[in-house]
Structure formats: structure tokens, C-alpha cells
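The values are calculated or read from the model by the stated rules, or taken from the named source; none is laboratory data. If you're wondering where the values come from, they're calculated on a predicted model, not measured in any experiment. Every residue, glycine among them, receives a Cβ derived from its backbone with ideal geometry; neighbour counts consider all protein chains shown. Surface accessibility is based on the protein's heavy atoms, side chains included, excluding ligands, DNA and RNA. Shrake-Rupley method; radii C 1.70, N 1.55, O 1.52, S 1.80 Å.
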Amino acid sequence: MNSHELERPPEQEGHWVAVSDLMAGLMMVFMLISVVFMINVEIERNKVRDVAILYDRLRTQLYEDLNTEFAPDMARWGAELDKDLAFRFNNTDVLFDRGEAELKPEFQAILADFFPRYVRIITQPQYREDILEVRIEGHTSSAWFGADSAEEAYIRNMDLSQERTRSTLAFLLGLEPVAQDKQWLISHLTANGLSSAKVVRNDAGEENEDRSRRVEFRVRTDAEGRIATILEEVLP
């Protein structure tokens, strides 16, 4: 072994020291990136939590306002209000004639009393900007006299429920007491016929045909949209 070969090991040792320093540096960079990412995720998670809390409070307060306003009337209207802000009209005897889409005079009278007061509440400053949609939902039972199949009954009921919600929408927009809010309503009020997609069932799982035939008003806030935006920012 000559003198040149004896001098190589120190050079190789220096080379590996440099490589190990580089790897240690890269590891520190990756750790720093991971810590920053985890901090950002935690910040965005807190934002999602705060939005959820905010809209839960908004929903609770809106429910209380609606319930205070309409509690004296709901029994005679055959109506009920759920915690999820679904205002439901269940009295099929006053809504529509069987198989027809024209509002009965009794239902027109109810809506003429109900809707202006409803709009006055949901368009208050504390709610107005946070409401994404006010849905008119038409629901039917799964029955259709003369239908050859469940599918045919569903399609016919879909047509009927859509016609009913459109006639309800047209009647509401024509009410003079809501004329000042018409532009806001045109941007937020929608008609949604759902056929028998969401029938009402009893504890035994049997369909209650009378309660399945109903009209509902539902308020949707933009909480879901705000949460989706936050998630897109942290998880592009």
C-alpha cells in the first residue's frame, strides 16, 4: 500500500460528514414545514369550529323568533316548526285537492297571513345576509291512483309536487305585503317538488300517507359554503 492510498480515508470521512450534515439540514427543513402545516391546519380547524358555533347560534335564535311569532297559529293551521327550521303545513284538507296543483282558498288565506310575517323575520339584519336559500318543498305520498308501477307513481307525483310548489311560489310573490322584499325573494326563494322521496313513516316503518302530503318552508344558511371555502384554503 503506497502513501497516496493511506491519505484517502480522511477525505472519504469528510465527504460523509458533509452528506450527513446535508441530510440533517433537510430533515430540519421538513420538520419545520410539517410544524407550519400542522399549525395552519389547527388554525383552519378552529375557523371551521367558530363558523359552526356561529351558525348553530343563528339557527337557534331564528327558531326561537319563528316559534314566538307563530306558536299561537300553528295548531289552527295544522302546522309545526322543527328545530332544523322546517316550517311544515300538514293539513292536507286545506292545501290542495287530490291530484290538483291549484291552492285551495283555505291555504291561500293561511299563506297570506303566514308569509309576510315569515319574511319580516328572516330578512331582519341579523339573518338576512346569512341566508342562502328559502326553499318551498312539495311532498306527496307514494300513491297514485291508476299507476301501473311504483316508478310511474313516483314520476306522476314528481310532476304534481313541482306544479304545486310553482303555484305556491307564484302566489307568494304576488302578495302585496312582501312587495318591498320581492328582489330579495327572487334571489333566495326556490320551488322544489320532491314527489314521495321523503315520505313520513310511523315507528313500524309504515308510510303515513296523510302526513306525507305536505308543504314545507326551509331556510338554508351559507354555513356549508363558508366551511367549504376554509377547507379549500387549507387543503388546496
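Under the Karplus relation 6.51 cos²θ - 1.76 cosθ + 1.60, θ = phi - 60°, what is the ordered set of whole-Hz ³J(HN,Hα) values for the range 98-108, x standing for Gly and Pro?
Working through the residues one at a time gives 4, x, 10, 9, 7, 5, 6, x, 5, 6, 4 Hz.
Amide H to amide H under 5 Å from A79: which residues, 5+ apart in sequence or cross-chain, H placed 1.01 Å off N in plane?
Long-range HN contacts for A79: N90.
Please list, ordered by chain and number, the residues whose modelled amide H lies under 5 Å from the amide H of L132; skip anything fewer than 5 residues away on the same chain.
R220, T221, D222
Quick one: with all protein chains in place, what share of the accessible area of the range 116-200 is carbon or sulfur, to the nearest percent (1.4 Å probe)?
Heavy-atom surface of the range 116-200 belonging to carbon and sulfur, 1.4 Å probe: 53 percent.
Using R₀ = 25 Å, calculate the FRET efficiency as 1/(1 + (r/R₀)^6) where r is the Cβ-Cβ separation of E209 and L173; round to 0.05.
The computed FRET efficiency comes out at 0.25.
Along the Cα→Cβ direction, 7 angstrom out, place labels at A86 and K104. What is the inter-label distance in nm?
My value for the distance between the label points is 2.2 nm.
Report ³J(HN,Hα) in whole Hz for each residue of the range 150-159, in order, from the Karplus equation J = 6.51 cos²θ - 1.76 cosθ + 1.60 where θ = phi - 60°; Gly and Pro get x.
5, 5, 5, 4, 5, 5, 5, 5, 5, 4
How large is ³J(HN,Hα) for each residue in the range 169-180, as worked out from phi by the Karplus curve 6.51 cos²θ - 1.76 cosθ + 1.60 (θ = phi - 60°), to whole Hz, x for Gly and Pro?
4, 4, 5, 5, 5, x, 6, 4, x, 9, 4, 5
I'd like the distance separating the alpha-carbon centroids of the range 163-188 and the range 204-218, in whole Å.
For the range 163-188 versus the range 204-218, the Cα centre distance is 24 Å.
Around V199, under 12 Å between beta carbons, what's the net of Lys plus Arg minus Asp minus Glu among the other residues?
Residues near V199 contribute +1 overall.
Quick check: residue separation of S142 and N67 times 0.36 nm, minus the Cα distance between them. What number comes out in nm?
Stretched out fully, the S142 to N67 stretch lengthens by 23.9 nm.
Apply 1/(1 + (r/R0)^6) to the Cβ-Cβ distance of R128 and R201, taking R0 = 30 Å, and write down the FRET efficiency to the nearest 0.05.
0.25
Using the Kirkwood formula over every pair of different C-alpha atoms, what hydrodynamic radius in Å results for the range 62-162?
One over the average 1/r among Cα pairs gives 15.5 Å for the range 62-162.
For the peptides 168-174, 132-138, what is the packing order when you average, over each peptide's residues, the other Cβ atoms within 10 Å and list the highest mean first?
132-138, 168-174
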